[in-house]
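The structure appears right after this line, and notes come after that.
What follows is calculated from the coordinates using simple rules that are stated; it is not laboratory data. Being a predicted model, the structure only gives us computed values, none of them experimental. Cβ coordinates were reconstructed from backbone atoms using ideal geometry, including for glycine residues, and neighbour counts include every protein chain displayed.
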Amino acid sequence: MSGEEKYLTLDALIEQDACFAIYRLPGEQAPRFAMQTGENALLLNDVEELNGQHGFVIAPFRITASSPLILIRPDCTDLCEANTNFRNKKWGKTDTELQKKSKKSDYSLIFQRFHEPLLTGEMEKLVLSRNRTMEREEAFSPGRSFFRATEKYPHSFVYLLHTPQSGTWLGSSPEILLAGSGNEWKTVALAGTRYPNSGKVSWDDKNLREQHLVTSYILKQLTSFQLAPEINGPYTIKAGALAHLRTDFSFSLPDNRKIGTLLKALHPTPAVSGLPKEKAFEFIADHEGYDRSYYTGFLGILDPSAETNLYVNLRCMQIGRSWLTLFAGSGLLASSTFRDEWKETEQKLKTMASIVK
Ligand SMILES: C=C(O[C@H]1C=CC=C(C(=O)O)[C@@H]1O)C(=O)O
């Protein structure tokens, strides 16, 4: 299959409302493909219901009727065999799910609302996000953009997916939520962002603190499962034009049948939500002003008997018929300033904006 044929096949599968994901793991060359042509994908009500399951998981930030937890159980893993005529159906979704335009003035007000409980000490950390909707140009091809992203971001998890329930999403994530096989598993704390022009990246107290909070949280969650991780970091990694602080946790998992329970304990980490966990999760739902849907959820292949690679859904966009909505957020502490956090989200939005040409 030529490059052009691959783009056309992927675009046609989206048009036909198919249920598939194509993804490229960091450091790998060839993308992997997972499509379910038979029955519908499985919809689950709770992350813990992933125990004992396998397939391609698409989990939202918060499970709701409009953003269910989806499990694609692939019966076709070769893009060349994806029969683009397998259904006679057309993508039925209209553009009603278009996100409201978010303006800098809106972000400024919401920033203040988020900043207040941080200043009083009621909250320790809150991740504030926003979205930007742009017009989808006629020549835009999700398939071509996916392959462009795989070239541009070799160290990230790059994916394109479509299901009737989620619509179409494309992203390039630097953050592992949980990965492993057999007895060897890992997760990471990824928090702290710089956008260096060149040379050595230096980290200020705010970024180091942000990273420390996520690291402590992950360690606490793993320890509550009697897991004793080996910890490495924090160290600097590059994600496109951005640099982040990362700490690795490696551990052995005695019971692979309880991965859903572990995922429920980890998600959402304070890298995308905040601390204290429950309070921050509710605060975001009440005050952020829009539904994150699958942004800051997690996705990837779950297969306890072979290999699991689940990533946090960052640096992503939702693809509508006539629009593209890009998402980005940043971790706020009491020491945060509006100017810096706005700038950080602008830089993060460029990850997807730069492949939409
Ligand atoms: C929430 C996002 O990034 C998270 C991951 C890495 C660094 C982050 C930060 O420094 O704020 C965020 O926690 C996003 O990219 O939308």
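What is the diffusion coefficient of the chain in µm²/s, taking the Kirkwood radius over Cα pairs and the Stokes-Einstein relation at 10 °C with a viscosity of 1.306 mPa s?
Diffusion coefficient, whole number: 77 µm²/s.
For a protection proxy built on the mean count of beta-carbon atoms within 10 angstrom, sort 109-117, 9-17 highest first, please.
9-17, 109-117
Find out how many positive minus negative residues lie around GLU5, taking Lys and Arg as positive, Asp and Glu as negative, among other residues whose Cβ is under 12 Å from that of GLU5.
Local net charge: 0.
Stick to the Cα atoms of region 1-86, pair each with every other, and give me the Kirkwood hydrodynamic radius in Å at one decimal.
For region 1-86, the Kirkwood estimate is 14.1 Å.
Where does the chain land at 222 nm, in deg cm²/dmol rounded to the nearest 500, when only DSSP H runs of n ≥ 4 count, each adding -39500 (n - 2.57), divided by all residues?
The helix-only estimate for the chain comes to -8500 deg cm²/dmol at 222 nm.
Whole Å is fine, so just give me how far the alpha carbon centre of region 156-233 lies from that of region 22-36.
For region 156-233 versus region 22-36, the Cα centre distance is 19 Å.
Take the Cα atoms of region 106-249, find their three principal axes, and give me the spread along each one in whole Å, biggest first.
49, 47, 41
List, in the order given, every pair from LYS206/LYS348; LYS125/LYS238; LYS103/LYS125 whose Cα-Cα distance in the structure shown is over 28 Å.
Cα-Cα > 28 Å for no pair; all within.
So how do 130-137, 347-354 stack up, highest first, on mean other-Cβ count within 10 Å?
My ranking of the peptides, most packed first, is 347-354, 130-137.
Taking the Cβ of GLU151 as the center, what net charge do the other residues with Cβ under 12 Å away carry, scoring Lys and Arg +1 and Asp and Glu -1?
Combined, the nearby Lys, Arg, Asp and Glu give +4.
Please report the net charge: other residues with Cβ closer than 11 Å to the Cβ of GLY55, K and R +1, D and E -1.
For residues surrounding GLY55, the net value is -1.
If I build a Gaussian network model for the chain, linking alpha-carbon pairs within less than 10 angstrom, which residue out of TYR235, TYR107, TYR195 has the largest mean-square fluctuation?
TYR235
What is the packing order of peptides 248-256, 207-215, taking the mean over residues of other C-beta atoms within 10 Å and listing the highest first?
Most protected by this proxy first, the peptides run 207-215, 248-256.
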